[in-house]
C-alpha cells in the first residue's frame, strides 16, 4: 500500500461504516503507508495481527479507496472493510 503525492497530503482512514480511525500524513513522493495503516488499525481494534488484502497506490487527486483487512485479536480473526479518503487540512 503506497501513496504518491506531489505535495504533502492527508488520508482519512475509516471503517466501512464511516467510523474514523485516524488521519495519515503523506509526505511528497512515492512512499509506503502500510505500516501507518496497520498501526492505526491495530491500535483501534487492540489487534495482535493485521493482514491487508490490498496492493494499491493512492494518488493526490484520487478518490476513496476501499480495501479489506483481516484482524486477529487473540486467536480469533474477523474481516473488516476500510476506506482511505483524500482530505485537506486547514
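The values are calculated or read from the model by the stated rules, or taken from the named source; none is laboratory data. As the structure is a prediction and not an experimental result, all values here were calculated from the model. So basically every Cβ, Gly included, is an ideal-geometry build from the backbone, and we count neighbours across all protein chains shown.
Quick one: is residue 85 out of contact with any helix residue (DSSP H, G or I) (no Cβ under 7 Å at 6 or more places or on another chain), surrounded by 16 or more Cβ atoms within 10 Å (Cβ to Cβ) and outside any strand (DSSP E or B)?
Taking the combined requirement at face value, the residue does not satisfy it.
List, please: which pairs have Cβ atoms under 8 Å, are six or more places apart or on different chains, and start with a residue in the stretch 36-56 that is touching a residue at least 24 places away in the same chain (Cβ under 8 Å) and end with one that is part of a strand (DSSP E or B) and surrounded by fewer than 13 Cβ atoms within 10 Å (Cβ to Cβ)? Correct list of pairs: empty, since none qualify. Please tell me if residue 58 is assigned to a strand (DSSP E or B), surrounded by 14 or more Cβ atoms within 10 Å (Cβ to Cβ) and modelled with pLDDT under 90. Yes, satisfied. Every listed requirement among (1) without any contact (Cβ under 8 Å) to a residue 24 or more places away in the chain; (2) assigned to a strand (DSSP E or B); (3) closer than 11 Å to residue 82 by Cβ is met by residue 25 save one, (3). Here is the figure for the stretch 21-31: residues that are loosely packed, with under 12 Cβ neighbours inside 10 Å and modelled with pLDDT of 95 or more total 0. Would you check which residues across the stretch 33-55 are over 15 Å from residue 73 (Cβ atoms) and exposed (fewer than 13 other Cβ atoms within 10 Å of the Cβ) and list them? Passing the criteria: 35, 53, 55.
Could you tell me whether any residue of the stretch 74-82 is surrounded by fewer than 17 Cβ atoms within 10 Å (Cβ to Cβ), in contact with a helix residue (DSSP H, G or I) (Cβ under 6 Å, 6 or more places away or on another chain) and part of a strand (DSSP E or B)?
Scanning the stretch 74-82 turns up no residue that is surrounded by fewer than 17 Cβ atoms within 10 Å (Cβ to Cβ), in contact with a helix residue (DSSP H, G or I) (Cβ under 6 Å, 6 or more places away or on another chain) and part of a strand (DSSP E or B).
What do you reckon, is residue 83 touching a residue at least 12 places away in the same chain (Cβ under 8 Å) and more than 13 Å from the chain's Cα centre (by Cα)? So residue 83 does not fit the description; no.
I'm trying to understand the selection: among the residues of the stretch 36-55, which are at pLDDT 85 or above and either within 15 Å of residue 12 (Cα to Cα) or in a loop (DSSP other than H, G, I, E, B) (or both)? If the condition is that a residue be at pLDDT 85 or above and either within 15 Å of residue 12 (Cα to Cα) or in a loop (DSSP other than H, G, I, E, B) (or both), then 36, 37, 38, 39, 40, 41, 44, 46, 47, 48 are the ones that fit.
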